[in-house]
Amino acid sequence: MSPISAGRTALRAARRVVVKIGTNALTNATGRFNRDHFDALGRDLLWAAKGRELVVVSSGAIALGVERLGLPARPKDIPGKQACAAVGQSRLIQAYEETFSGAGRAVAQVLLTHEDVQDRRRYLNVKHALERLLAAGVVPVINENDTVSVDELKFGDNDTLAGLVAGVVEAEALVLLSDVEGLYTGDPRQDEGAELMLAVEQVTPEVLALAGGTTSGVGTGGMATKVRAAARATESGIRCVITSGAVPGRLRQVLEGEPVGTLFEPMGSRRSARAAWIAHALRPRGRITVDAGAREAIVTGKRSLLPSGVRGVEGDFGRGDPVDLSDESGDVFARGLAAYDANELRRIAGRRTGDIEAVLGYRYLDEAVHRDDLAVL
């Protein structure tokens, strides 16, 4: 059996699945909520929920709010979008309630901001709540809390949110449904010779370059955000498929192992939950540049970062804040939690561990970033 066939077959065995439904998969050409299409997707979700634990990450609240308020178009200002989300969110969850109630399945509305996963305690609270819902046979319907989100609290798009949720619940498969068939070798709108990539073994810079940008004015994500979400999922050992939600039955085809959309194969074993949180849920507040020896020790030797390997410190971060680690050419290769604040690290950069107390007058740890607080990207 070829690796591609094996990966497709593995999707059939997935028992915990996250499905992301994008705005473009729920709206018509004018950006209005497409109820007939939603009903078709609902039938697919009902089928997928049989014998599986299902989590749905759904856009559509703003589109439903625009419809209910009778607006001519989606607002472009943040207060306008937030108002539409407030009106539309209850209508969105009601639509899912009606979809699943006929099959005797309860749904739960879960609204998140990035702060809910940035903070470790809140991250664990979200994880435990979702686990309890799934254990009870409930289908969580998750969306970003657009009513209260501002730039510093936003995930930015539901592709990113879905990738994080897949890691939080330790899903076996992530399916991203949008208005595109998958990742192509070129832009199919401009290149008639562009071919659909049925499988991607690793997300490289070249693969990301194929992804391009935003595809429409009604969604916040584009192919690039989907590919990045797929990369996050695969790093956590989760298979991901990007495919079109505009085709009825497409979700069923994916979970039956048919060769539709683009399959992203998982990379190695799953990350630990803590490593996944550091790698994907945190936003860096600074950067530490390290020398070649320190990079080798971290990536290959799975060692901590010692002050002696630090060559530069950027930003104004505190002790325990997330920071990116980069080599001297500027390539970011890891993320971790700083054992010292930025000013302290600048003072002990390049020093031996034994010099820390002499320089600072105290010593928290021997490491600048401890191995337990590191995740290689």
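The values are calculated or read from the model by the stated rules, or taken from the named source; none is laboratory data. What you see is a predicted model; the values in this text were computed from it and never measured. With ideal geometry, Cβ positions are generated from the backbone for all residues, glycine too; neighbour counts draw on all protein chains shown. Side chains are part of the model used for accessible areas, which takes the heavy atoms of the whole protein and leaves out ligands, DNA and RNA. Shrake-Rupley method; radii C 1.70, N 1.55, O 1.52, S 1.80 Å.
Observations, loosely collected:
- Under 5 Å, built H, 5+ apart or other chain: amide partners of A199: L263
- Translational diffusion of the stretch 1-107, µm² s⁻¹ [Kirkwood Rh, Cα pairs; Stokes-Einstein; 10 °C; 1.306 mPa s]: 104 µm²/s
- Binning all Cα-Cα separations of the stretch 162-313 at 10 Å, short to long from zero, yields these whole-percent fractions: 10, 33, 32, 16, 8, 1.
- Per-residue SASA entry for Y362, accessible area with 1.4 Å probe, Å² rounded to 10: 80 Å²
- Sulfur and carbon atoms: percent of accessible area, the chain [1.4 Å]: 48 percent
- Cα centre as origin, Lys/Arg/Asp/Glu Cβ charges: the stretch 317-377 dipole, Debye: 200 debye
- Per-selection Rg to Rh, the chain - Cα, Kirkwood hydrodynamic radius: 1.01
- Residues in the stretch 30-187 average 41 Å² of solvent-accessible surface per residue, probe 1.4 Å, ligands and nucleic acids excluded.
- Descending semi-axes in whole angstrom, ellipsoid equivalent of the stretch 306-377, from the Cα gyration tensor: 19, 13, 11
- Scaled to the globular estimate 2.2 N^0.38 Å, the Cα spread of the stretch 245-377, given as radius of gyration, is 1.36.
- Mean-square fluctuations from a GNM of the chain, with a 10 angstrom spring cutoff on Cα atoms, peak among F317, F38, F264 at F317.
- Loop-exposed GluC sites (Glu not before Pro) per DSSP, neighbour cap 11 Cβ within 10 angstrom, longest uninterrupted part of the chain: 1-191
- For a paramagnetic label modelled on T353 (point 7 Å from Cα along Cα→Cβ), amide N atoms under 15 Å away belong, within the stretch 296-314, to 297-298, 302-310.
- Share of alpha-carbon pairs per 5 Å distance bin for the stretch 235-315, given as whole %: 3, 11, 13, 14, 15, 12, 9, 7, 7, 6, 2, 0
- Neighbourhood charge, 9 Å Cβ-Cβ cut-off, centred on T185 and excluding it, Lys, Arg +1 and Asp, Glu -1: -2
- Normalised by 2.2 N^0.38 Å, where N is the number of residues, the C-alpha radius of gyration of the stretch 79-144 stands at 1.26.
- Using C-alpha pairs under 8 Å with a sequence gap of at least 6, the mean separation divided by the residue count of the stretch 246-377 gives a relative contact order of 26 percent.
- Within the shell defined by Cβ-Cβ distances under 12 Å, the residues around D372 carry a net charge of +2, with Lys and Arg each +1 and Asp and Glu each -1.
- Surface listing: K302, K20 arranged by accessible area from highest to lowest gives K302, K20, probe 1.4 Å.
- Whole-Å semi-axes of the stretch 275-337's equivalent ellipsoid (Cα gyration tensor): 17, 14, 10
- The mean sequence distance of close C-alpha pairs (under 8 Å, at least 6 residues apart), as a share of the length of the stretch 78-214, puts its relative contact order at 19 percent.
- Unit charges at the beta carbon, dipole of the stretch 224-340: most positive-side option, A334, I298, T243: T243
- Among residues other than D44 with Cβ under 9 Å from its Cβ, the summed charge is +3 (Lys and Arg +1, Asp and Glu -1).
- Each listed q (0.12, 0.13, 0.14, 0.18 Å⁻¹) maps to a log10 I(q)/I(0) for the stretch 46-160 from the Debye sum over equal C-alpha point scatterers, namely -0.47, -0.55, -0.63, -0.97.
- Its relative contact order, with pairs defined as Cα atoms under 8 Å and 6+ residues apart, puts the chain at 15 percent.
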